[in-house]
Amino acid sequence: MIYFLTLGTELYDSKRGSFIDLSILDVLQIFGRAGRPQFDTNGQGIILTAHEKLQHYLALLTRQNPIESQFVEHLHDNLNAEIVLGTVTNVSEACSWLRYTYLNVRMHQSPITYGINAHMKTMDPSLNSFQRDLIIKAADELDKAQMIRFEKKTEYLSATDLGRTA
């Protein structure tokens, strides 16, 4: 059995110029590495923190909220990268690419979190139309910023020099 011990729950944030609390995602990431998957059936994590922060971390660890995708906010950057690499050349390929993301998984499990109401889910159970709209919106933004060229009639996506640089 392998133990992971976190020494302190504060990190120095140079942007803020002060110490900040370790996020629950970081704690879960550290604890997720406890044990050796190929050899151990379980592992243990120990967290050492100040007494006044104990209830905070205990509540976060026992709340069991799902981790939601933040990919929508960065979709245009990632789409640009895929277009520059040549793995995505049109809207259809972009939609296929999007279906392989954690965002797709969370959209199906918790649609309301991503702005998908019950009527939309009923009309489009696979969420293909919603995801297509996301791709087209991101492609339009990239085209306006001259990062890519988006031909709306053919739905063709091509990289520009500025997009390659980015």
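Does Ile136 fit the bill of being crowded, with 16+ Cβ neighbours inside 10 Å and assigned to a loop (DSSP other than H, G, I, E, B)?
Spelling it out, it is not the case that Ile136 is crowded, with 16+ Cβ neighbours inside 10 Å and assigned to a loop (DSSP other than H, G, I, E, B).
If you check Ala81 against the conditions, is it modelled with pLDDT of 95 or more, touching a His at 6+ places or on another chain (Cβ under 9 Å) and of a type outside the set (Lys, Arg)?
No.
If Lys144 passes every condition in (1) at pLDDT 95 or above; (2) farther than 22 Å from Val84 by Cβ but one, which one does it miss?
(2) is the only condition that Lys144 fails.
Going residue by residue through segment 52-74, is there one that turns out to be modelled with pLDDT of 90 or more, under 23 Å from Asp161 (Cα atoms) and assigned to a loop (DSSP other than H, G, I, E, B)?
No, there is no match, as no residue in segment 52-74 is modelled with pLDDT of 90 or more, under 23 Å from Asp161 (Cα atoms) and assigned to a loop (DSSP other than H, G, I, E, B).
Name the single residue, out of those in segment 1-34 being closer than 11 Å to Gly45 by Cα and polar (S, T, N, Q), that is modelled with the highest pLDDT.
Ranking the qualifying residues of segment 1-34, first place goes to Gln29.
Looking at Glu93, Glu52, Glu10, which is the one that is in the same structural domain as Ile148 (by TED's automatic domain parsing) and among the acidic types (Asp, Glu)?
Glu93
Find the residue count for segment 105-127, including only residues that are within 16 Å of Leu75 (Cα to Cα) and either loosely packed, with under 15 Cβ neighbours inside 10 Å or not basic (Lys, Arg) (or both).
4
Do you know which residues across segment 49-80 are of a type outside the set (A, V, I, L, M), over 18 Å from Ile148 (Cα atoms) and touching a residue at least 12 places away in the same chain (Cβ under 8 Å)?
Residues satisfying the conditions are Thr49, Lys53, His56, Tyr57, Pro66, Glu68, Ser69, Phe71.
Any idea which of Val88, Val84, Val105, Val72 is of a type outside the set (Phe, Trp, Tyr) and in contact with a Gly (Cβ under 6 Å, 6 or more places away or on another chain)?
Answer to the check: Val84.
Each row is one residue, and each column tells you yes or no for (1) touching a residue at least 40 places away in the same chain (Cβ under 8 Å); (2) surrounded by fewer than 16 Cβ atoms within 10 Å (Cβ to Cβ); (3) part of a helix (DSSP H, G or I); (4) aliphatic (A, V, I, L, M).
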position: Val27; (1), (2), (3), (4): no, no, yes, yes
position: Ile47; (1), (2), (3), (4): yes, no, no, yes
position: Glu82; (1), (2), (3), (4): no, no, yes, no
position: Ser92; (1), (2), (3), (4): yes, yes, yes, no
position: Tyr100; (1), (2), (3), (4): no, yes, no, no
position: Leu103; (1), (2), (3), (4): no, no, yes, yes
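State whether one or more residues within segment 116-127 are touching a Leu at 6+ places or on another chain (Cβ under 8 Å) and either outside any helix (DSSP H, G or I) or not assigned by TED's automatic domain parsing to the domain that holds Tyr102 (or both).
Yes, segment 116-127 has at least one match.
The values are calculated or read from the model by the stated rules, or taken from the named source; none is laboratory data. Model, not experiment: these values are computed from the prediction. Using ideal geometry, Cβ is built from the backbone for each residue, glycine included, and neighbour counts are taken over all protein chains shown.
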